[in-house]
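Structure record follows, encoded as structure tokens.
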Amino acid sequence: MTTWTGQDLTFNYYFPTYGAVYAGSPISFVADGSSNLSTFSNLEPATFSVTSIAQNELQISYSYPGQGHSLSDPSFDGFTISGPLGDSPIVAAFVDPNSTQPGLSNSTISFGANSVTVNLAGDVFTTSSVGLIDVQFAPPVPEPSTWAMMILGFAGLAFMAYRRKTKPALMAA
């Protein structure tokens, strides 16, 4: 498994510090692109989804429906989405160029081998703002049996090339 696509993930909301799990968390969901409603917000419920956008890359999308809804400004007001440790760890998480969420920047995003954390402290959401975060996974490493088949294939090609070179020389003699 190289990405979280189709995997069971966990959404945790933290407030007022990272590690202080907010009421309604955690939420378990499947990373299949469907929209999920969070229950952590006491003012406006938020929606979020995780969708595969390329090989070894997925996108986290989140939005708040309330116009002018602003998050408080403690040390941490945000979420973490985590998944199982797979064959490939996360190597990058960054703001997608199509994101319309004011205040979202690469400095508000952090990641580990199997999780992405977003700190939204102080952000103000507009009616149509959507936060988009792209997450990249390391490409999968071939299994030993794949390497063995590849080496045998190259050896076979080398042997055929060797035989082809030596065969005409024997016929001429």
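Bear in mind these aren't lab numbers, they're just calculated from the coordinates by the rules spelled out. Here the structure is a predicted model, which means the values were calculated and not measured. Cβ placement follows ideal geometry from the backbone for every residue including glycine, while neighbour counts extend to all protein chains displayed.
Numbers for the structure displayed
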read-out: FRET E, pair ILE151, ALA92, Förster distance 35 Å, beta-carbon r, rounded to 0.05; value: 0.65
read-out: Karplus-derived HN-Hα couplings along the stretch 95-101 (A = 6.51, B = -1.76, C = 1.60, θ = phi - 60°), whole Hz, x at Gly and Pro; value: 6, 6, x, 8, 5, 10, 7
read-out: Ranked PHE159, PHE79, PHE29, criterion: other C-beta atoms within 10 Å, fewest first; value: PHE159, PHE29, PHE79
read-out: Chain lengthening between ASN114 and MET160 when straightened (0.36 nm per residue, less Cα-Cα); value: 12.0 nm
read-out: Amide H within-cut-off set for THR126, under 5 Å, with H built and near neighbours excluded; value: GLY68
read-out: Gain in span if fully extended, SER107 to ALA121, counting 0.36 nm per residue against the direct Cα distance; value: 3.8 nm
